[in-house]
Amino acid sequence: MAHPTKPPLLAVLIDADNISAKYAEAMFEEIATLGEASIRRIYGDFSGSAPQGWNKDKLAAMAIVPHQQFSNTTGKNSSDIALVIDAMDILHSGRFDGFVLISSDSDFTRLASRIREQGLDVFGMGMRKTPAAFVKACKRFIYVENLLPEQTKPAAKPAQNAPAKSEPAPEQEAPLEDPTKLVIRAMDAINADDEWVTLGQIGQYITAAQPDFDTRSYGKRKLSDLIASLKLFEIKRGDGNQLMVRRLD
């Protein structure tokens, strides 16, 4: 398990069919804040065109080991099955402190729950369209859209006069919860009688209750910036220079 002076050892398992390679660098920068990505594996069919842009140059640059799974049948994705089997082998090795499961597929919900039953942390990464069941199964879930600077996001295409083609409806993104309600709920749960609550306690409570909570989803870099922008709370520095928060009535 984790040594006091060493970062947690993490196994990073990527579903190549459900996440774009354009997020690769940003994802591993984020993972570095969680622990050491000791295992880096990606699962998919690389025999033809690179799925979601995961070509050999990208994999080599990020030190990601591809696990080839031929798409021989329709229906259940063989890559998903291979990822789950490997995850269980890694889990039972007892050498790792946590997993990072990168996918937007709800099929990994039970896997995340099973790993957490063994006392290991599971961090999820995926698109905003990721089903809530998988998000909730993780200790923390990070939307990859939050990891790229605003200027790198593709601009909306202008409308054209060409006849509209029938296209499948886009998957719905999970709506953002009102941050004011999240903060108030956290403060009431932590200590309903005390006027001041530490910012750290608020952040811990919200993340535990809402694994996909991320201040970047609201355009703010830090929780203190988000709370200050709500204009309904006062922030001050308390003992030990820690930030304290109270409601303004």
**Prompt:** Counting just the residues of the stretch 68-80 that are among the polar types (S, T, N, Q) and in a helix (DSSP H, G or I), which one comes out modelled with the highest pLDDT?
**Reply:** Ser79
**Request:** Would you mention how many residues in the stretch 25-48 are surrounded by 15 or more Cβ atoms within 10 Å (Cβ to Cβ), in contact (Cβ under 8 Å) with a residue 40 or more places away in the chain and in a helix (DSSP H, G or I)?
**Result:** 4
**Request:** Return the residue satisfying two criteria in turn: it lies in the stretch 175-198 and is of a type in the set (A, V, I, L, M) and over 22 Å from the mean Cα position of the chain (by Cα), and of such residues it is surrounded by the most Cβ atoms within 10 Å (Cβ to Cβ).
**Result:** Val197
**Residue list for the stretch 210-228, filter: loosely packed, with under 14 Cβ neighbours inside 10 Å and within 16 Å of Glu177 (Cβ to Cβ)** = Gly219
**Prompt:** Residues of the stretch 49-59 being surrounded by 15 or more Cβ atoms within 10 Å (Cβ to Cβ) and free of Cβ contacts under 8 Å to residues at least 24 places away in the same chain, which ones?
**Reply:** Leu59
**Request:** Could you please give the count of residues in the stretch 7-22 that are surrounded by 22 or more Cβ atoms within 10 Å (Cβ to Cβ) and not in a loop (DSSP other than H, G, I, E, B)?
**Result:** 8
**Request:** For Ile64, state whether it is closer than 20 Å to Arg110 by Cα, under 20 Å from the mean Cα position of the chain (by Cα) and assigned by TED's automatic domain parsing to the domain that holds Leu120.
**Result:** no
**Prompt:** Regarding Pro158, is this residue of a type outside the set (A, V, I, L, M) and at pLDDT below 95?
**Reply:** yes
**Prompt:** Does Glu234 satisfy the condition of being surrounded by 13 or more Cβ atoms within 10 Å (Cβ to Cβ) and either of a type in the set (Phe, Trp, Tyr) or within 30 Å of Ala133 (Cβ to Cβ) (or both)?
**Reply:** no
**Per-region count, the stretch 49-60, residues under 24 Å from Phe96 (Cβ atoms) and either part of a helix (DSSP H, G or I) or in contact with a His (Cβ under 8 Å, 6 or more places away or on another chain) (or both)** = 2
**Request:** Could you tell me which of the residues Leu34, Leu83, Leu59 is in contact with a Phe, Trp or Tyr (Cβ under 9 Å, 6 or more places away or on another chain), over 25 Å from Ala132 (Cβ atoms) and assigned by TED's automatic domain parsing to the domain that holds Glu145?
**Result:** Leu59
**Message:** Just to confirm my filter: which strands (runs of 3 or more DSSP E) fall fully inside the stretch 81-148 and include at least 1 residues that are small (Gly, Ala, Ser) and in contact with a strand residue (DSSP E or B) (Cβ under 9 Å, 6 or more places away or on another chain)?
**Reply:** 98-102, 121-126
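The values are calculated or read from the model by the stated rules, or taken from the named source; none is laboratory data. Owing to the predicted nature of the structure, the values given are computational and were not obtained by experimental measurement. Heads up, the Cβs are rebuilt from the backbone with ideal geometry, glycines too, and the neighbour counts pull from every protein chain shown.
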